[in-house]
C-alpha cells in the first residue's frame, strides 16, 4: 500500500525551524507543511503592509527556506506554507530573489483568491450578508474600519499546485489542516469531491492528521498542560516536531524523527487533537467535517501512535471568512514595587491613575489592571494568602482608547510617581508606542463565489 | 479528601475569536468517570464567571469524548473580545486551562486514593 510522510513545519509566525531539519534528514519526511498564520497573524501582517506595501507575508519564509532547502532538495522533499499571508505574490518574489541569488532551482507555486476585502461589495451584491457568524450583527457597523477579509480556502488549489509539479507551494489564508491534507490527497489519490462514507472518512483521517501536526511541538509534548508531568517530557530543547505516515486507506501513524526530544503518546496527542476545535463532533473545514466521537489514539510503542476512527461528513457549502476591523488603541505601563506593602502601593497607584483619568476627562473605554506575579493568570483562583507580605510586585495597567493620541498620553500619567508617589518603585516600563487593537469578524460566504476566483500560478527559478 | 483537579487531570486551552476553548483529560478511565460526573457545565460556568460575565451554565458548552478520556469546554465571550482586541497579558487564553486545574474537589477517601494512584502510574510511563 502506498504511504506518504508529511511533517510539521512551523506552528506560528516566529516558531523555530531547527526541528524540521531532523524530520528531513532522518525522519523520512516527504512534505513539510508549515502554518505561519494564527487567527491574529493577519492583523500583524496588515500593520507591516501599511508601513511597506511589498511586505504582508511572514518574514520567516526566506530565512527558513534558505536553511532547509539545501537539506530538502537532494531528498525531493516539498514544502507547503501559508507564509504568503496577505501578499502571497510578494512572498514568491522575495523567495525567487533569494533562490536566484544562490543559483538554486525550484518550482514555486502561489495560491491566491482568499483575500476578499476588495470584493466585499460584489459579494454582498451576490446575496452574501456577511453577518457576524456568532452575533448576527450587520457588517455595516464595521465596514469602514475593515483592514482585511480573508476566506479559509481548502486543500484543492494546493493539491492542484502539487499536481502541476510545484516543489514549494505558497498560500495566503487556508484552513490550517488543509496544508497537510493537500499532499495526502495529491499523493494517495483521494478525492476532495468524495460523498460516500469511505471517501469522507479518509478525508477526515487526513484532516485529523493535519490538526495534530499544525501546531508543531504542541503535537509532540510541548506545552503539555499539566502539574508536574510536563517535566517528564524529555529534552524539549531538541524537540522533534510530529510526522505522520498516512496510507492510501487512510490509516495514520503519528511519530517523530529518531533521536529528538519531546514525546508522542496518547496523552500528548489528545491535548493537541482537541486544541481549539470547538465542537469535536463537528470540526468544520472547507474539505470535510470531522467527527472525533469514535476517534481513538492507540499507543504503538515509543513515540508511535496510531490514529483510527475519524469520521467524515460532507463539506459545507460555505467557507468561513475572517475579517479584521480597527477597534481603537491600547497603551500600557508597568511599574515595579518592592516590599514593604508592595500590593498596597500598587493599589494606591491604580487609584491615582483612575483619579487622573477622571480629572483630565480622558476618554478611556476600558482599563485593565494586572498584578504581574500575583494573580494575572489565575484571577480569583490565585492564592493571595501572602499578598500583604509580597517581596515585590509588578503592576500593569492597560487602557483602550479610540484615539491614538489619547493612548500615547496614557503612560505619561506614571513617571512623576517615582519621586512623588509611594516608595521603592523599582522600575518603569511603558513609554513605548501604543498598539492598534483589532476586532475579528467571522462570517460565511458561499464557496463557489470564492473558489471561482482562486488561482494557482507556477514560477520556475 | 480535598484535591485539586490538577492532581488527577491535565489540560490545554486556546482561543477562537472571543471563545476560550479548554480540553480536560483524565489519566485513566476511573478518572474520566469522576470528571464527567463532577465537571458539569454549571460548575465550570461558576468557576469562570469572572471571565464570561455569567455564572449561568449556558455560558459554557461541554462535550464528552469517552474514547479519549476527555471533556471539552467552550467558554463564550471569555477573551475580552479576542486576541487582537484584548488588553490582557494572556490575550490568547493559554493559561485558562491552569485556572480550571486549580478547581478544588472534595472526593471520598477511597476514590481520591484510586485516582491519585492512577495519575501517578500514568505519569510514570507516559
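Key figures for this structure:
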quantity	calculated
Flag if residue A:451 is under 30 Å from residue B:103 (Cβ atoms) and surrounded by 16 or more Cβ atoms within 10 Å (Cβ to Cβ)	no
Some residue of the stretch A:300-314 being touching a helix residue (DSSP H, G or I) at 6+ places or on another chain (Cβ under 9 Å), away from chain B (no Cβ under 11 Å) and under 28 Å from residue A:237 (Cα atoms)	yes
Answer from A:412, A:447 - the residue that is away from every other protein chain (no Cβ under 13 Å) and without any contact (Cβ under 8 Å) to a residue 40 or more places away in the chain	A:412
Residue A:25 being at pLDDT 95 or above and either surrounded by fewer than 23 Cβ atoms within 10 Å (Cβ to Cβ) or within 14 Å of chain B (Cβ to nearest Cβ) (or both)	yes
Spans of strands (runs of 3 or more DSSP E) in the stretch B:46-126 with at least 3 residues surrounded by fewer than 23 Cβ atoms within 10 Å (Cβ to Cβ)	B:60-65, B:104-106
Odd one out for residue B:68, checked against (1) touching a helix residue (DSSP H, G or I) at 6+ places or on another chain (Cβ under 6 Å); (2) at the interface with chain A (Cβ under 7 Å from one of its Cβ atoms); (3) touching a residue at least 24 places away in the same chain (Cβ under 8 Å); (4) closer than 26 Å to residue A:437 by Cα	(4)
Criterion (more than 9 Å from chain A (Cβ to nearest Cβ) and modelled with pLDDT of 95 or more) met by exactly one of B:26, B:9	B:26
Identity of the residue in the stretch A:412-434, crowded, with 17+ Cβ neighbours inside 10 Å and closer than 19 Å to residue A:394 by Cβ, that ends up nearest to the chain's Cα centre (by Cα)	A:430
Selected residue (criterion: surrounded by the fewest Cβ atoms within 10 Å (Cβ to Cβ)) from residues of the stretch A:309-348 that are part of a strand (DSSP E or B) and over 26 Å from the mean Cα position of the chain (by Cα)	A:338
Residue A:140 modelled with pLDDT of 95 or more, crowded, with 21+ Cβ neighbours inside 10 Å and assigned to a helix (DSSP H, G or I)	no
Residues of the stretch A:379-393 satisfying the condition of being away from chain B (no Cβ under 12 Å) and assigned to a loop (DSSP other than H, G, I, E, B)	A:384, A:385, A:386, A:390, A:391
Count - residues of the stretch A:399-456 that are farther than 30 Å from residue A:165 by Cβ, assigned to a loop (DSSP other than H, G, I, E, B) and out of contact with any helix residue (DSSP H, G or I) (no Cβ under 7 Å at 6 or more places or on another chain)	9
Matching residues in the stretch A:349-378 - criterion: being crowded, with 16+ Cβ neighbours inside 10 Å and assigned to a helix (DSSP H, G or I)	A:349, A:352, A:353, A:357
Cβ pairs under 8 Å, 6+ apart, first in the stretch B:115-126 and in contact (Cβ under 8 Å) with a residue 60 or more places away in the chain and more than 9 Å from chain A (Cβ to nearest Cβ), second assigned to a helix (DSSP H, G or I) and exposed (fewer than 12 other Cβ atoms within 10 Å of the Cβ)	none
Matching residues in the stretch B:4-35 - criterion: being surrounded by fewer than 18 Cβ atoms within 10 Å (Cβ to Cβ) and not in a loop (DSSP other than H, G, I, E, B)	B:4, B:29, B:30, B:33
Selection within the stretch B:36-45 - assigned to a loop (DSSP other than H, G, I, E, B) and either more than 19 Å from residue A:270 (Cβ to Cβ) or within 14 Å of chain A (Cβ to nearest Cβ) (or both)	B:40
Of residues in the stretch B:90-101 being touching a strand residue (DSSP E or B) at 6+ places or on another chain (Cβ under 6 Å) and within 7 Å of another protein chain (Cβ to nearest Cβ), the one farthest from residue B:8 (Cα to Cα)	B:97
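The values are calculated or read from the model by the stated rules, or taken from the named source; none is laboratory data. Nothing here was measured: the structure is a model prediction, and the numbers come from that model. Note that each Cβ is placed from the backbone with ideal geometry, even for glycine, and that neighbours are counted across all protein chains shown.
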